1. Using a Gaussian network model of the chain with C-alpha springs under 10 Å, which one of Leu59, Leu75, Leu39 is most mobile by mean-square fluctuation?
2. What is the gain in length, in nm to one decimal, between Ser79 and Lys20 on full extension, counting 0.36 nm per residue of separation less the C-alpha to C-alpha distance?
3. What pairs from Lys62/Lys95; Lys20/Lys95; Lys15/Lys80; Lys20/Lys54 go past 22 Å between their alpha carbons?
4. Check Leu75: other-chain or 5+ apart residues with amide H under 5 Å from its amide H, H built from backbone geometry?
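Rule-based calculations on the coordinates, nothing more; no lab input. This one's a predicted model, so the numbers in the text were calculated from it and none came from an experiment.
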Amino acid sequence: MKEKGIEMYLVKRVKEVGGKAYKFVSPGNTAVPDRICILPKGNVVFVECKASGKFPTPLQQKVIDSFRLLGHHVLVINSKETVDTFIKVIKEEIK
């Protein structure tokens, strides 16, 4: 599946659990994650979407690692199944 399809599926599923999945654009800063997911109960997760079977570029991975070092949650999602697993975890968190 193409990245755009996975990203749109993520947005739809996040809305289903009462969250928002904002497009993340940071002028002057390349390789930031695609989405900031604002979720119930104060959870915030950055998400890098990739096409099926694809992974972050070295620069994207460097940015992901830097966010994680600052204590933030960052996911790489490259399938609908991964989106579904993410949503399942979120549903457990907001019970």
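1. Leu59
2. 19.3 nm
3. In this structure, Lys62/Lys95; Lys20/Lys54 lie more than 22 Å apart at Cα.
4. Phe46, Val47, Glu48
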